[in-house]
Structure formats: C-alpha cells, structure tokens
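Chemist: Here it is: the structure, laid out below.
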Amino acid sequence: MTTAMGAALRRIQLGNALSAFGNGFTVPYLYVYVANVRHLGASTAGVVLAMLAVSALVVLPLTGRAIDRRGPLPVAVVGTVSAAVGSLGIGLSASEPMVIASAAALGAGIAVIQPALATMIVWCSTTVTRSRAFATQFFLNNLGLGIGGLVGGQLVDEAHASSFVRLFAIEAVMFLVLGAAIATVRLPRAPKVEDAVPSEERAAGAWRVLFGDRRMVWLCVLGFVLFFACYGQFESGLAAYATEVTRIEPATLGIALAANTAAIVAAQFVVLRLVERRRRSRVMALVGLIWTVAWIAAGLSGLVHGAQVVATVLLISTYALFGVGESLLSPTVSPLVADLAPASLIGQYNSAFALVKQLALAVGPAVGALMVGHGMYVAYIAMLTACAVGITVLALRLGRMLTPAQDQPHRAAVPAQRVEAEPVAAAV
C-alpha cells in the first residue's frame, strides 16, 4: 500500500510540475498579448484578467461537492480539459467575446484543478508525510513556473502573434499532460484519512458543517489575510509602489520576482526540516513576523532618496522575504486544512479554502492598485504591515483552538508508534 501510494503521489507531482511549467510560458505575457498583440485594448485585457478570478469564484462553491461525491480524479481531469481548451482558445482568439470566453474556461479549469489535486495528495499521504507532500508540490510549482517563464521569454516576439499562439499551445498541451498523468493514477482504496473515500451518501449540510467549525472558519480568516498581504499585492500594489515610489526600472522588478522564486527554491526543503516537527500555528505566526519585516523594508525603500542602490536592495529583499515566508506556509496551511476536515468533506474543505484564496486575490490587487494609484503610499505600507502583524496574532489564537495532533502531528504520532511497539516487545 505504501509503495502504491508513493507511486501515485509521484505521478501527481510530476504532472503538476509540468502543468506549472506550461503555465509559466503565458502568465507574464497575458496582458501584453491581449492588449497589444491582438490590439484589443487595455480594457479588454483587464476584463480577461478579471474573468480568470470571476470564473474561479463561480465554480469553486460547487467543486467541493463534486469532489466528495465523485472523487477528486474525474473532477481534476475535467478541470485539465477545461483549462487546456481555455488556454488554446486565448491563443487563437482575435475577438473580444472569444478571448473573454476562453479566459472563463481557463480560470474555471485551474480553479477546479487546485482543490482536486490537493484532495488527491491528501489521499496519497499520511498525517505525518502530508507536510512534505504539499511542500514538494509548492516547490515544483514554483520551479516549473520559473523555468517556464524563462523559456517563454526566449520564444516570444511581440511583433509576431504566432509566437504567442505557440506559448498558449504549449500551455494547453501541458494541461493535457497533467490530465493524462492523473487519469492513470490508482488512488488507494483505503487512503490514510479515515473513511475519506466518498460513499454514495454524503454528509448533509456540508456548508453548515464547515461554517460551524470554529477552527476552520478561523483558518479561513487567517488564509484571507495571508493571501491578501502577499500574493494579492505582487502584480498590483507592490509592483506599482516599486516603480512609482522606490523608482526602480521595470527590468529590476523582474529581478525582484526572480529573487522571490529563488528564495522559495533554495529554502523550501531546508525550511521543511526545521518546521515539520514544530507547531504549525507557531510557524504561521513566524511568517507574519517575517512579512512584517518585508513590508517595513518596502516602506524604507521609498524613503531612501538619493541612494538608489540601497532602495533597490531593500525592495528585492522584500520579495525574497516573501519567498521565505511562502516556503514556511506550504508545509503547514494545506495539510492543516486536510486535518481539520471531517472524513467525508475533504473536498469541500479544500474547495472552501481555495475560494478564500481567490477572494483575497480578487480584492488584494484592487485595493493595492487603488491606494497606490491615489498616492496613499504611507497608508498602503501601514495597512500591509498591520496585516502582517495580524497574521501572527491570528495564528497564535488559532493554535489555542487546535488539538496537539492537528497542531503538531509528528509529536502526536510518536506515542501512537510506541503503543504499537509495546505489544510486539511483550510478545518477544
């Protein structure tokens, strides 16, 4: 069983990494492609980007129910097909309705894939190994996105629309590769989550159960603040602050994003060794402290007038510190969602948390761009610094709600192993 679970998990991780590699080809160039290459204008490009988030918000409330009723595998396959159709459609679109419809298909597909893959990883891991499994997924995602972005940058030519069509075609193929990889996965009949395989009858009132779970609601609030204060600012408020206040060149912003990815890739497994045996709530609280320093560094970068090198280093450090914090979150947050979920509602809990993330990613850029666009620089940095401090406070409060097995599964597993070993010793 353990060998089969390991083989299934490796196949899931490989397909996910290849999908991220394909996604990296298009993410940096979607706006430029729609607005300039297809000559559909900035407004249409903005609608396309918004549609990615809106379609995710529409399908995610239904995704958890589908996963728990049908299992994560068929739901994930449907998601990969939708994403592939949407990606290829964007590449071939020459009209506004077509590109918007394709963006909706792409956004819905990606949104469905995320909780389905998370549920598959839960089924193929144990409470003790789950942190490493999710950390590996996060590592491979970032590595794939980074390499895909670098390769895509060498292939793209803004003067030739066909070069962009090639990028979107590659992304579509990689989604289909992910679908093929997971379609052949044999999920365990008895996964290491009690009764996690859905039966014909699913627990009634799934959303009522979820909203009645005080720990999960608190984790969702914490998750919203986490995603709002980090991912929700990368491509909007923080990028605008960097160019308008810190006054760095757009090319240097690319270096800052690369520093973020490099920090994740370099730190992920070193960090994992340090945190996987520690309390999850304390690790998340540490992320808040690290991001507090990151936002203070960002604020200082806008105050160091006449020392552009220092300002640039401070801003790049902000992105790198975000990367370190992200590497701490990957082995803690997603496994905790799985461990909080009742056996029959694993998909529902994963989808609900993915919905929280999408809400933060929809609200975060709007708030950040609005504040920086109106010159509210001090208020912007103060707000995000307060959010980072809030992460620490929320995480410590959550820690007081969790059981020892939920907050520190490795330590909780040791007594159980000793209990199993004692009868064997007695028999000898």
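The values are calculated or read from the model by the stated rules, or taken from the named source; none is laboratory data. As the structure is a computational prediction, the values presented were derived from the model and not from experiment. Cβ: placed from backbone, ideal geometry, glycine included. Neighbour counts: every protein chain shown. Surface areas here come from the heavy atoms of the whole protein model, side chains and all, with no ligands, DNA or RNA. Shrake-Rupley method; radii C 1.70, N 1.55, O 1.52, S 1.80 Å.
Chemist: Just going by the charge dipole of the chain, with Lys and Arg at +1 and Asp and Glu at -1 on Cβ, which of 395, 289, 112 is farthest out on the positive end?
Modeler: Among 395, 289, 112, the one farthest towards the positive end of the dipole of the chain is 395.
Chemist: Would you mind getting the accessible area per residue of the chain, heavy atoms of the protein chains only, 1.4 Å probe, in Å²?
Modeler: 44 Å²
Chemist: Decide, for the stretch 260-350, between rounded, prolate and oblate: order the square roots of the alpha carbon gyration tensor eigenvalues as a ≥ b ≥ c, take rounded if a/c falls under 1.5, and otherwise choose prolate if a/b is larger than b/c, else oblate.
Modeler: Taking the square roots of the gyration eigenvalues as a ≥ b ≥ c, the stretch 260-350 is prolate.
Chemist: Restricting things to alpha carbons, tell me how big the chain is in terms of Rg and Dmax, in Å.
Modeler: 21.8, 78
Chemist: Still on this structure: Kindly identify the stretch 1-125 as rounded, prolate or oblate by the Cα gyration tensor criterion: order the square roots of the eigenvalues as a ≥ b ≥ c, call it rounded if a/c is under 1.5, otherwise compare a/b with b/c, prolate if a/b is larger, else oblate.
Modeler: In terms of gyration-tensor shape, prolate.
Chemist: Right, something else. Determine the distance separating the Cα centre of the stretch 293-321 from the Cα centre of the stretch 346-384; give it in Å without decimals.
Modeler: If we compute the Cα centre of each part, the gap is 22 Å.
Chemist: If you count only protein heavy atoms and use a 1.4 Å probe, how large is the accessible surface of residue 367, to the nearest 10 Å²?
Modeler: Here the residue's solvent-accessible area equals roughly 40 Å².
Chemist: Which residue, 17, 242, 206, has the most motion in a Gaussian network model of the chain that connects Cα atoms within less than 10 Å?
Modeler: Of the options given, 206 has the highest mean-square fluctuation.
Chemist: How far, in degrees from 0 to 90, does helix 346-373 lean away from the longest principal axis of the Cα atoms of the chain, to the nearest 10?
Modeler: The angle comes out at about 20 degrees.
Chemist: Next question, about the same structure. How long, wide and thick is the stretch 55-99, going by the Cα atoms along their three principal axes, in whole angstroms, largest first?
Modeler: 39, 19, 8
Chemist: Still on this structure, I have one more. Taking amide hydrogens as modeled 1.01 Å from N in the peptide plane, which residues meet the under 5 Å criterion relative to residue 248, leaving out close sequence neighbours?
Modeler: For residue 248, whose amide H was placed from the backbone, the distant partners under 5 Å are 243.
Chemist: While we're looking at this one, here's another question. Which three extents, in angstrom, do the Cα atoms of the stretch 217-285 have along their principal axes, listed largest first?
Modeler: Projected onto its principal axes, the Cα set of the stretch 217-285 covers 42, 30, 13 Å.
Chemist: Can you give me the Cα centroid spacing of the stretch 108-157 and the stretch 45-106 in angstrom?
Modeler: 17 Å
Chemist: Follow-up question, since we're still on this one. Quick one, what does Rg over Rh come out to for the stretch 52-152 if you take C-alpha atoms and the Kirkwood Rh?
Modeler: Expressed as Rg/Rh, it is 1.03.
Chemist: Next up: Compute the angle between helix 2-26 and the longest alpha-carbon principal axis of the chain, please, reported from 0 to 90 degrees and rounded to the nearest 10.
Modeler: Value to nearest ten degrees: 10.
Chemist: Next up: In sequence order, what are the phi-derived ³J(HN,Hα) couplings for the stretch 64-75 according to the Karplus relation 6.51 cos²θ - 1.76 cosθ + 1.60 with θ = phi - 60°, rounded to whole Hz, with x for glycine and proline?
Modeler: Those phi angles translate into x, 4, 5, 5, 6, 8, 9, x, x, 5, x, 5 Hz.
Chemist: For the charge dipole of the chain, defined by +1 on Lys and Arg C-beta atoms and -1 on Asp and Glu C-beta atoms about the Cα centroid, which residue among 328, 404, 383 has the Cα displaced farthest towards the positive pole?
Modeler: 404
Chemist: Using modelled backbone amide H atoms (1.01 Å from N, in-plane), which distant-in-sequence or interchain residues come within less than 5 Å of residue 126's amide H?
Modeler: Amide H neighbours of residue 126: none.
Chemist: Based only on Cα atoms, what mean projected area does the convex hull of the stretch 96-137 have, in nm²?
Modeler: If I average the Cα hull's projected area over directions, I get 3.2 nm².
Chemist: Quick check: at a probe of 1.4 Å, how many percent of the accessible area of the chain sits on carbon and sulfur atoms?
Modeler: Reported share for carbon and sulfur atoms: 66 percent.
Chemist: With all protein chains present, calculate the accessible area of residue 376 using a 1.4 Å probe and round the result to the nearest 10 Å².
Modeler: In the full protein context, residue 376 sits at about 90 Å².
Chemist: How far, in degrees from 0 to 90, does helix 96-123 lean away from the longest principal axis of the Cα atoms of the chain, to the nearest 10?
Modeler: 30 degrees
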